[in-house]
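Worksheet for the structure shown next.
The values are calculated or read from the model by the stated rules, or taken from the named source; none is laboratory data. Since this is a predicted model, take the numbers as computed values, not measurements. We place every Cβ from the backbone using ideal geometry, glycine too, and count neighbours over all the protein chains shown.
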Amino acid sequence: GVAASRRAGSYGARVAICEGDRVGGTCVLRGCVPKKLLVYGSHYREDFEDAAGFGWDVAPATLDWGRLVAAKNRELDRLNGVYLRLLRDAGVTLIEGRGRLVDAHTVEVGARRYTARNILIATGGHAVLPTDVRGIEHAITSNEALDLPRLPRRLVVVGGGYIGVEFASIFRAAGAEVTMLIRGDLVLRGFDDDVRATLSSALRRKGVDLRCDVEVADIERRGEALSVMTREGETLECDEVLFATGRAPNTANLGLERVGVKTNARGAIEVNAFSQSSVEGVYAVGDCTDRLNLTPVAIAEGRAVAETLFNNRPTTVEHHGVPTAVFSQPPVSTVGLTEREARAQHGAVDVYVTSFRAMKHTLSGRDEPTMMKLVVERASQRVVGCHMVGADAPEIIQGFAVALKCGATKAQFDATVGIHPSAAEEFVTMRTPRPDPQG
Ligand code: NDP
């Protein structure tokens with residue numbers, strides 16, 4: 001919403017944003033930003049431990065969780081101020097309150113009505129809790145997990161997607177006993193199988209008790225503690241249960257049905273390539289359209305709408321080849337196709353994989369894997385997938401995403417000189433494909 005308004009404002013459009021909460025959205029207030037600050041904050045425990053191998057004597061490190069959360073919140077307040085200033089500087093009017101469509105050109109906020117030629121819906125999504133778990137009201141979502149006043153001693157995380165592995169990692173690194181319950185056999189369904197296997201075992205090595213093929217049936221409060229019963233008959237005692245079992249679009253109570261804006265079975269607004277809904281003049285971007293639910297994608301979609309409407313430049317956003325990262329510990333980052341997808345789309349592929357211990361850990365002694373993988377379409381020799389689990393993976397993959405965008409071939413990777421010593425150089429020094437089970 002903010003990105004689209006600012007871009008539209010820069011082309012002279014008269015823009016107002018209607019917001020019922022603080023400005024900033026999920027990313028700034030309840031997602032990417034506070035999460036990453038907690039990733040940094042929690043990771044220091046390992047840094048202090050690793051320092052010993054390099055000759056440092058560090059007194060046993062302790063974390064004041066409350067201070068970390070307070071510091072994180074101060075940064076969110078600062079960012080909120082920055083966003084308000086950016087909107088003001090772009091000439092965007094902020095209307096505080098919840099909006100509702102009255103017709104294709106009218107939004108009602110409280111007792112007032114505002115008319116506009118174009119309306120953009122960028123209402124995001126929310127965490128969903130399953131309805132078939134008794135006692136689910138005792139569970140928390142990522143919203144509450146970001147603001148817990150005390151570090152729980154024992155935490156159960158349910159769900160092995162982005163949010164599940166990120167929060168399990170944060171709380172484990174911060175010192176909690178973490179049990180993860182997933183209903184599949186590996187975390188991160190949809191990611192490359194080598195990534196999934198590497199991260200699943202890395203989480204275990206860090207002390208996360210990852211349990212597979214389990215589902216929660218019941219949660220009961222027992223005094224201060226919670227008791228989690230699985231359908232498989234196990235009982236786990238803990239202090240908090242975090243459900244990270246997916247998110248759904250925020251499209252209820254927006255007046256969409258009344259205006260004729262179509263939504264799909266999941267409640268997502270249906271849009272065309274220009275993010276236009278089924279009603280002319282009504283557009284939608286970001287998680288409320290449930291395309292690729294990532295902040296930079298939503299921003300690109302919002303700006304594309306502004307370019308199309310106010311700069312006479314019809315613009316669409318490519319939803320393939322989008323790099324992504326999971327800020328687990330160790331982190332994951334990926335761009336392009338998984339091996340499975342590449343085989344389905346291209347037939348024969350060459351796969352290059354390397355696993356090693358990063359140089360830093362030769363002295364620290366830490367048993368943390370780094371895994372890198374390239375998937376190459378055999379016929380064209382184009383690199384169609386690039387995957388990594390290991391320190392700095394998001395920083396490394398961003399650059400390779402450019403190479404894949406340019407259609408780089410394996411020979412061009414080989415012709416690139418590595419930066420030594422680095423982990424990233426492995427991506428340009430892999431010579432021998434893994435034996436292909438499919439010949
Ligand atoms: P995801 O859809 O990524 O993962 C949901 C997980 O919950 C899956 O492991 C799923 O299992 C499991 N699950 C779903 N329903 C149940 C159930 N009833 N019982 C047990 N397990 C269940 O959702 P998240 O909430 O983790 O994240 C939402 C989205 O937000 C992400 O997909 C991503 O687009 C975005 N995001 C991006 C981040 C980033 O860029 N770093 C960070 C956080 C979120 P199964 O695989 O078996 O279906």
TODO: Return a yes/no flag: does the range 87-100 have any residue that is in contact with a Gly (Cβ under 8 Å, 6 or more places away or on another chain) and of a type in the set (A, V, I, L, M, F, W, C).
DONE: yes
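This table checks each residue for (1) under 30 Å from Arg340 (Cα atoms); (2) more than 14 Å from the ligand (Cβ to nearest atom); (3) under 14 Å from the mean Cα position of the chain (by Cα).
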site	(1), (2), (3)
Ala127	yes, no, yes
His138	no, yes, no
Thr141	no, no, no
Ala145	no, no, no
Glu177	no, yes, no
Arg189	yes, no, yes
- [ ] Test Ser333 against the stated conditions and say whether it is of a type in the set (Ser, Thr, Tyr), within 10 Å of the ligand (Cβ to nearest atom) and either touching a residue at least 24 places away in the same chain (Cβ under 8 Å) or in contact with an Asp or Glu (Cβ under 7 Å, 6 or more places away or on another chain) (or both).
- [x] yes
- [ ] Determine if the range 61-69 includes at least one residue that is at pLDDT 95 or above, farther than 26 Å from Arg204 by Cβ, more than 16 Å from the ligand (Cβ to nearest atom) and among the aliphatic types (A, V, I, L, M).
- [x] yes
Task: the range 266-298 - residue that is over 21 Å from Ile17 (Cβ atoms), within 16 Å of the ligand (Cβ to nearest atom) and of a type in the set (D, E, K, R) and, of those, surrounded by the fewest Cβ atoms within 10 Å (Cβ to Cβ) - done: Arg266
Task: From the options Gly31, Gly99, residue that is surrounded by 19 or more Cβ atoms within 10 Å (Cβ to Cβ), at negative phi and within 16 Å of the ligand (Cβ to nearest atom) - done: Gly31
Open item on the list: If Cys18 meets every condition in (1) in a helix (DSSP H, G or I); (2) surrounded by 16 or more Cβ atoms within 10 Å (Cβ to Cβ) apart from one, which number is that one?
Closed with: (1)
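With the structure loaded, tell me whether Leu129 is surrounded by 14 or more Cβ atoms within 10 Å (Cβ to Cβ), under 30 Å from Ala174 (Cα atoms) and out of contact with any Asp or Glu (no Cβ under 9 Å at 6 or more places or on another chain) or whether it fails that test.
no
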Open item on the list: Test of understanding: among Arg378, Arg357, which residue is within 30 Å of Glu46 (Cβ to Cβ) and among the charged types (D, E, K, R)?
Closed with: Arg357
Open item on the list: Would you confirm whether or not the range 50-70 contains a residue that is more than 30 Å from Gly12 (Cβ to Cβ) and basic (Lys, Arg)?
Closed with: yes
Task: Contacts under 8 angstrom Cβ, first residue in the range 150-170 being farther than 19 Å from Thr230 by Cα, partner part of a helix (DSSP H, G or I) and within 11 Å of the ligand (Cβ to nearest atom), 6 or more apart - done: Ile163/Ser142; Glu166/Lys35; Glu166/Val39; Phe167/Lys35; Phe167/Ser142; Ser169/Val39; Ile170/Lys35; Ile170/Val39
Open item on the list: For the range 50-64, which positions are of a type in the set (Asp, Glu) and either closer than 21 Å to Asp147 by Cβ or surrounded by 15 or more Cβ atoms within 10 Å (Cβ to Cβ) (or both)?
Closed with: Asp50, Asp64
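Condition check ((1) within 16 Å of the ligand (Cβ to nearest atom); (2) touching a strand residue (DSSP E or B) at 6+ places or on another chain (Cβ under 9 Å); (3) within 20 Å of Leu203 (Cα to Cα)) across all residues:
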{"site": "Val305", "(1), (2), (3)": "no, yes, no"}
{"site": "Phe310", "(1), (2), (3)": "no, no, no"}
{"site": "Thr316", "(1), (2), (3)": "no, no, no"}
{"site": "Arg340", "(1), (2), (3)": "yes, no, no"}
{"site": "Ala344", "(1), (2), (3)": "no, no, no"}
{"site": "Gly347", "(1), (2), (3)": "no, yes, no"}
Task: Of residues in the range 231-260 being surrounded by fewer than 18 Cβ atoms within 10 Å (Cβ to Cβ), within 16 Å of the ligand (Cβ to nearest atom) and touching a residue at least 24 places away in the same chain (Cβ under 8 Å), the one nearest to the chain's Cα centre (by Cα) - done: Gly246
- [ ] Of the conditions (1) under 18 Å from the mean Cα position of the chain (by Cα); (2) within 14 Å of the ligand (Cβ to nearest atom), Phe171 clears all except one; give me its number.
- [x] (2)
- [ ] Say whether the condition of being without any contact (Cβ under 8 Å) to a residue 24 or more places away in the chain, within 13 Å of the ligand (Cβ to nearest atom) and more than 28 Å from Val2 (Cβ to Cβ) is met by at least one residue in the range 212-220.
- [x] no
